1. Work out the length of the dipole vector of region 51-178 about its Cα centre, built from +1 on the beta-carbon of each Lys and Arg and -1 on the beta-carbon of each Asp and Glu, and round it to the nearest 20 debye.
2. Average projected area of the Cα convex hull of region 51-178, in nm²?
3. Averaging sequence separations of C-alpha pairs under 8 Å and six or more residues apart, then dividing by the length of region 51-178, give the relative contact order as a whole percent.
4. Which of the listed residues, Ala108, Thr133, Gln144, is farthest toward the dipole's positive end in region 51-178, when Lys, Arg count +1 and Asp, Glu count -1 at the beta-carbon?
5. Calculate one ³J(HN,Hα) per residue across region 51-56 by plugging θ = phi - 60° into the Karplus curve 6.51 cos²θ - 1.76 cosθ + 1.60, and present them in order as whole Hz with x for glycine and proline.
6. Take the residue pairs Lys103/Lys128; Lys71/Lys92; Lys128/Lys149 and return only those whose Cα atoms are more than 30 Å apart.
Amino acid sequence: MTKLTKIVLKTLLTVAVLTLLTGCSDDKSGSAQKAQTNATATTSLEQKIAVGLVDTDRVFTSSEAGKAAVKHLETIADKLQKEFIKLQEEVKGKEKDPATVEKFQTAAAKLEEKFKAEEEQVMASIEKTYQATLDSVRKSENLQIVIAKAQALSFEAERDITDKVIAEMNKHNLTFTELKSEKEAEKDQDAQSTNSTKKETNSTK
């Protein structure tokens, strides 16, 4: 092997080694860059999706609005229970009289319908307030999503916004009044019609 050949081989070997080292370096650099990109994307995603968790049951049982709703329904239930007992006393000893039994069943059904109507009124009012409260807290806390705490399998304690929701709910002074009976509603309607007629009469004079 000539001296020139040795020099050429040595040069080629050096180039090959440098190329190999450069390639490895590029691979490591690419992997590091990819990892950094993924980390950045993950961080960005976490920053964009801010989630708040709320214990709905605790909001309804601990907030002033929830307590007022429960108290109102308990009051109505006690009143209707007394009316039902009165109906039972009236039908006692007349269980074999079809007319009396039918009258009892009709009256009992009306009591049940009244409580259902009261319950629907209360729930509609408190749910409307609850939703408005959630929207308000979500905006003030710069959150994108608020979900029920019961649906979260694992979370950080700082994600729980239940106390803040209860505090905001307490700012709403919710009050509940008993729905009027059919007779009371008809009486009010008649009174309104009478007042309307009087106004029309006076305006034509």
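Just so it is clear, none of the values below were taken in a lab; they were calculated from the coordinates. Owing to the predicted nature of the structure, the values given are computational and were not obtained by experimental measurement. So basically every Cβ, Gly included, is an ideal-geometry build from the backbone, and we count neighbours across all protein chains shown.
1. Working: 20 positive and 25 negative charges, 40 e Å.
It comes to approximately 200 debye.
2. On the way: hull surface 40.0 nm².
Across all orientations, region 51-178 yields a mean hull projection of 10.0 nm².
3. Values: 110 pairs, mean separation 70.9, N = 128.
It rounds to 55 percent for region 51-178.
4. Of the candidates, Ala108 comes out farthest on the positive side.
5. Working through the residues one at a time gives 10, x, 10, 9, 8, 4 Hz.
6. Values: Lys103/Lys128 38 Å; Lys71/Lys92 32 Å; Lys128/Lys149 20 Å.
As for pairs spanning more than 30 Å Cα to Cα, those are Lys103/Lys128; Lys71/Lys92.
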